[in-house]
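To start, the structure under review is shown below, and the notes come after it.
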Amino acid sequence: SYLIEIYRSKFESDAIFGKSNTLIAETEVKTTNDNRIDLVITSDDFVICVENKIWAQRDNPFDDYFNYIESIKGDRNAFYIILSMGGSEDPEGSKKQFKVIFYSEFIEKIKEKIGMYLINCNRKYLSVLTDWFQYLENKGGLMSNFSEEERAFFQKNDDKISKLIDS
């Protein structure tokens, strides 16, 4: 829901995401052209397509992602997000429906709302989350500020990091 809040405020959207209590989050969703979308969140009212760009260039088959989501959304609203460490607000080579949300924005929103999470959280994940926040903040939230060794680590562990973020 934090991504939704950022989307609505950043893009001055009056988009209705609905108040469904049922959300289904799926990772590595396969399109009809055998490409994989990092994260698809569905409810009765909407579908959100999220492509996570920690390190890789934004050269994904965004047209295929868009066409796949359009084919499954039915009468639900669809939203397209690139979650990125940095770079341009305009996704290169992609449909204009994709909107860029930066990790720095996402982290700030999580920090705003973390109080409720602290009450019921699994402490094992809390330490990972706070370490991750601190590290990204020390780096300014931009991949260009990382050393070659740090970039290699994130690139090598991109799938693991994405799964940890999604859980």
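Values for this structure:
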read-out: Helices (runs of 4 or more DSSP H) (entirely within segment 31-140) containing at least 3 residues that are among the β-branched types (Val, Ile, Thr) and modelled with pLDDT under 85; value: 103-120
read-out: Matching residues in segment 14-28 - criterion: being at pLDDT 65 or above and of a type outside the set (Val, Ile, Thr); value: 23, 25, 26, 28
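The values are calculated or read from the model by the stated rules, or taken from the named source; none is laboratory data. Values in this document were obtained by computation on a predicted structure and should not be read as measured data.
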